[in-house]
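Worksheet for the structure shown next.
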Amino acid sequence: MRIAIIGAGCSGLSAIKQLAAAGLKDIVCYERNDQIGGNWVYTANSSHSSISKTTHVISSKTKSQFNDFAMPESYPDYPSHKQILAYFQAYARHFQLEKYIHFNIAVLHVEKTANERWRLSLCDGTQTEFDYLIVANGHHAIPRHPGWKADFLGKYLHAHEFKTNEGLNDKRVLVVGAGNSGCDCATEASRNAASVDLSLRSPQYIIPKLIMGKPTDTFAASLQWLPQRIQNWLQKISLHIQIGRYRDYGLPEPDFLPTQAHPTINSEILDKIRHGKIHPRAGIESIKGCRVCFTDGTSSEYDVIIAATGYTIGFPFFDRNFIDWGEARYIPLYLRIFHPKHPSLFFVGLIQPQGCIWTLTEAQSYLITQYLTGKTQLPSNWREQAEREGKYWVSQFITRPRHSLEVHYYPYLKKLQQMSAGKSI
């Protein structure tokens, strides 16, 4: 049983660890960079990584660590990107994972052979075949650019390229998008830019990192025993007590539940708005030169636009007529892992959870291992369920491109655990 893994970020490391722990030794992980860590390898220049110099995680330490490898006690509630990378490095050393990884090897092309195997063409000019393929290449590598990009004559960059606030002194900056990346970019830019505006096309829940003195995800976890409608009510009440009304900040008031959209976890942005360092603006209507016209009839001129407009799902090693979900409304995978047309192909980390992704990739990898070792079986109708499940998850959230990968953390984790234990779901 030969198993290939593409990518040695958190998802790839989870897969290697679970497979090796079950005694599966013929594992090869291909990593195009020279070290593990994927997105958490910070580089000052534009690269595969989308993190900036000041990035911290938005899920807390205790809710982000792997089940069998705790983060150091010295780590704060919300570790920095340097600490997270050091944690992954320590995890790889502890479980001796690097011996399975081929660094500086990019997978250029993957094709399925007639006998349900996978032929990988590598950047070193070689080809090799495997019985199973695990795709763990992440989904924050291909920026989604807005249609008006070419209309702006000032400096344009995607949030993927934003590394520091250097060069923004005395610049008029517009950040487009109020997700986690957008709010991070806006707060960093506001430290030295002449002005920073934040354009929102639609309402967004912006949630502090601490609620009632606890990390937000820890607070949310304490409510899981309650019925969902009670959880929703308590979340809205606690937010109102903590921050008041969004319209008091000049932000649109959400008309949906907090669990219906991917939340923005940021304690600084609301403070910056009330201090006049960041000014909310409406969505963009049009751009002419350096002047941006907004949907509320106002307009302003800018020197720099930072587009925090998300990412496109991409697998550059697959032919587009084989798998292409770049603009897909939903992803038809059973449990977000198993492809109905290719039973020897698995995806790890192709999710956007309302919580930490790493612990979910750990559960995904464990389920794949249980399946490959014959300790659990998929239901007879799993292919049909894949289609229904993709549509179900999309129905749980408001219509936005990023929600094609969205899952509710605890219900999804419970399904993975039940299937791993051989229970019918």
Identify all lysines with a Cα-Cα distance to Lys236 below 29 Å; exclude those on the same chain that are fewer than 8 residues away in sequence.
-> Lys61, Lys63, Lys209, Lys214, Lys272, Lys277, Lys391, Lys414, Lys415
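Summarise the accessible area of region 348-425 (1.4 Å probe, protein heavy atoms) by the percent that is carbon and sulfur. Mind showing how you got there, number by number?
Working: 1650 of 3330 Å².
For region 348-425, the apolar C and S fraction of the accessible surface comes to 50 percent.
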Taking chymotrypsin sites (Phe, Trp or Tyr not before Pro) in a DSSP loop with at most 15 other Cβ atoms within 10 angstrom as exposed, one finds the longest site-free stretch of the chain at 1-224
Amide H neighbours of Asp197 at under 5 Å, excluding residues fewer than 5 places away on the same chain, with H built from the backbone geometry, are Val173, Leu174, Val175, His279
Once you sort the root eigenvalues of the Cα gyration tensor of region 1-113 as a ≥ b ≥ c, which label holds: rounded (a/c under 1.5), prolate (a/b larger than b/c) or oblate (the other case)?
-> oblate
Accessible area in square angstrom per residue, region 143-221, 1.4 angstrom probe | 41 Å²
Expressed as a whole number of Å, what is the distance separating the alpha-carbon centroids of region 137-177 and region 380-425?
-> 33 Å
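Percent of accessible area on region 230-312 owned by carbon and sulfur, 1.4 Å probe?
Numbers: 1950 of 3910 Å².
C and S fraction of accessible area: 50 percent.
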Give me the percent of DSSP beta bridges within the chain that run antiparallel, rounded to the nearest 5.
-> 40 percent
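Can you tell me the relative contact order of region 266-425? Whole percent, Cα pairs under 8 Å, sequence separation 6 or more. Mind dumping the intermediate values first?
Working: 180 pairs, mean separation 32.9, N = 160.
Rounded, it is 21 percent for region 266-425.
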Per residue accessible area in Å² of region 270-332, where ligands, DNA and RNA are left out and the probe is 1.4 Å | 50 Å²
Checking region 355-393 for trypsin sites (Lys or Arg not before Pro) in a loop per DSSP with at most 16 other beta-carbon atoms within 10 Å yields Lys375
What is the calculated FRET efficiency for Tyr392 to Asn67, with r their C-beta to C-beta distance and R₀ = 35 Å, to the nearest 0.05?
-> 0.85
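Given a Förster distance of 35 angstrom, what is the FRET efficiency for Trp225 paired with Arg245, based on the Cβ-Cβ distance and rounded to 0.05?
On the way: r = 29 Å, r/R0 = 0.83.
Efficiency computed from Cβ-Cβ geometry: 0.75.
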Mind checking which of Ile273, Leu13, Ile27 is farthest towards the positive end of the chain's charge dipole, using Cβ charges of +1 (Lys, Arg) and -1 (Asp, Glu) about the Cα centre?
-> Ile273
Hey, rough spin-label estimate for Arg383 and Thr295, points 7 angstrom out along Cα→Cβ, what's it come to in nanometres?
-> 4.2 nm
Rounded to 0.05, the calculated FRET efficiency for the beta carbons of Ile142 and Arg400 at R₀ = 22 Å is 0.80
Would you mind checking which residues have amide H under 5 Å from Cys29's amide H? H placed 1.01 Å from N; only 5 or more apart, or other chain.
-> Ile5, Ile101, His102
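The values are calculated or read from the model by the stated rules, or taken from the named source; none is laboratory data. In this text the structure is predicted, and so the values were computed from the model without any measurement. Cβ coordinates were reconstructed from backbone atoms using ideal geometry, including for glycine residues, and neighbour counts include every protein chain displayed. Remember, those area values only see protein heavy atoms, side chains included, never the ligands or the DNA or RNA. Shrake-Rupley method; radii C 1.70, N 1.55, O 1.52, S 1.80 Å.
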